[in-house]
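Enquirer: For reference, the structure I am asking about is given below.
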Amino acid sequence: MAARLVTTRGAAITGWGTALPDRVVTNTDIMTLFETSDEWIRERSGIATRRVATGPFITDPPPHHPPDGLGTTGQLAVAAGREALAASGIEGSDVGLVILCTTTPDQLIPASSAAVSSALGIAGGAMDINAACAGFTYGLVTASSMVAAGLDRVLLIGAETLSRATNWEDRTNAFLFGDGAGAVVVEAIPGETSLLGWDLGVDGSLVPILYADHGSGMVMKGQEVFRRAVRATVASATLSLERAKVSADDIALFVPHQANIRIMDAVADRLGLHKDKIASVIDHTGNTSSASIPLALVEAAKQGRLADGDLVLLAGFGAGMTWASAVWRWGH
């Protein structure tokens, strides 16, 4: 389902933050688990290092009590959310809703956003969104809609501890994943919304190509995921551009899901976007699922790559198979 949201009550991103566990896992570390090489991993994924909160590389202290206090999805979400609130100059009590996008909640019940909301002193509601790696863009559309409906501020967070779901014995994908969180404050402003065009979708028949059952690690059919991901992301992004009534030439920054560098480059090429426009953090974060787009977006913002009025294209895909894209006008 897709649409262009037009309203006299607009939305802008007014603050942002990130959080990463301290533990850095290099490709040399990955080589201790199975036969591979730094060159092989870099060539196929673009990843040199990733951050992890749990897994075989953390043995002291226990995995659930890391020294940096960032060992769970909730803890990462709170840290990123707190930074975003501070950057926006507001308190948790000023927020009407927290949306936590994650595939790795701390508990089956309740939603992890409940504990995150409490820790941050959020005054309003809280909910989780699980749309896999497309989750943050699903959340951005939802947050913008809630602002249009009357909320003054929404705290949107993408947070993951994929190290808990990684099959560390699978050499075909164990090197891909990392942990982290990124957050933004979506705030009401006068005028039209910054969300100029969007597209959300899912093809449930593709569940078998990427999934994780309760209590087991991820199963991924890499070649099929690659093929489907490129096709779905390009189609979705094209629709969002059309609905925003802009072209690829109008885009200042492309923020794709950080799945692997080959997919990111392939999508940009097919959309007609120069590689210089890609926001990429995959080399030092790996694939962090719903946290990957906000991590890349926030790093670009901190580096000064965005100016008021710039158009940003966000696009992601994930297990389900979900996809989502959005054209967002940066600034107030």
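Bear in mind that the values in this text are calculations on the coordinates, not laboratory data. No experiment lies behind these values; they were computed from the predicted model shown. With ideal geometry, Cβ positions are generated from the backbone for all residues, glycine too; neighbour counts draw on all protein chains shown.
Enquirer: Could you check the simple spin-label distance between S37 and V207, using points 7 Å along Cα→Cβ, in nm with one decimal?
Expert: 4.1 nm
Enquirer: Only counting other Cβ atoms within 10 Å, I'd like V246, V98, V116 sorted with the fewest neighbours first.
Expert: Neighbour counts put them in this order, fewest first: V246, V98, V116.
Enquirer: State the answer as a single residue: which of V219, G309, Q258 lies farthest towards the positive end of the charge dipole of the stretch 194-329, with beta carbon charges of +1 for Lys and Arg and -1 for Asp and Glu, about the Cα centre.
Expert: Checked the options; the winner is V219.
Enquirer: With each pseudo-label sitting 7 Å past Cα toward Cβ, what's the A307-W168 distance in nm, one decimal?
Expert: It works out to 4.7 nm between the two label points.
Enquirer: Separation between the K275 and D29 pseudo-spin-labels, each 7 Å from Cα along Cα→Cβ, expressed in nm?
Expert: 2.7 nm
Enquirer: Using 1/(1 + (r/R0)^6) with R0 = 22 angstrom and r between the beta carbons of D152 and E192, what's the FRET efficiency to the nearest 0.05?
Expert: My answer for the efficiency is 0.80.
Enquirer: Next up: Please report the equivalent ellipsoid semi-axes of the stretch 9-190, computed as sqrt(5 x eigenvalue) of the Cα gyration tensor, largest first, in whole Å.
Expert: So the three semi-axes of the stretch 9-190 are 33, 17, 13 Å.
Enquirer: Can you tell me how much longer the chain between D250 and A123 gets when fully stretched, taken as 0.36 nm per residue apart minus their C-alpha distance, in nm with one decimal?
Expert: Separation in residues times 0.36 nm, less the Cα-Cα distance, equals 41.9 nm.
Enquirer: If you take the Cα Rg of the stretch 194-329 and divide it by 2.2 N^0.38 Å, with N the number of residues, what do you get?
Expert: 1.03
Enquirer: Continuing with this model, one more query. Tell me, W16, W198 in order of fewest to most beta-carbon neighbours within 10 Å?
Expert: By the 10 Å Cβ count, ascending: W16, W198.
Enquirer: To check you understand DSSP bridge types, tell me what percent of the beta bridges within the chain (both residues inside) are antiparallel, rounded to 5.
Expert: 70 percent
Enquirer: I want to make sure I understand the PRE zone here: with the label point 7 angstrom from the Cα of E242 toward its beta carbon, which residues in the stretch 186-212 have backbone N atoms less than 13 Å away?
Expert: Inside the label zone: 198-199.
Enquirer: Nearest 5 percent is fine: what portion of the DSSP beta bridges confined to the stretch 194-329 is antiparallel?
Expert: Working: 17 of 23 bridges.
Of the beta bridges lying entirely in the stretch 194-329, close to 75 percent run antiparallel.
Enquirer: Among S93, S292, which comes first, then next, by fewest other beta-carbon atoms within 10 Å?
Expert: Lowest count first: S93, S292.
Enquirer: State the Cα centre-to-centre distance between the stretch 104-152 and the stretch 286-309 in whole Å.
Expert: Taking the Cα centre of the stretch 286-309 as reference, the centre of the stretch 104-152 is 19 Å away.
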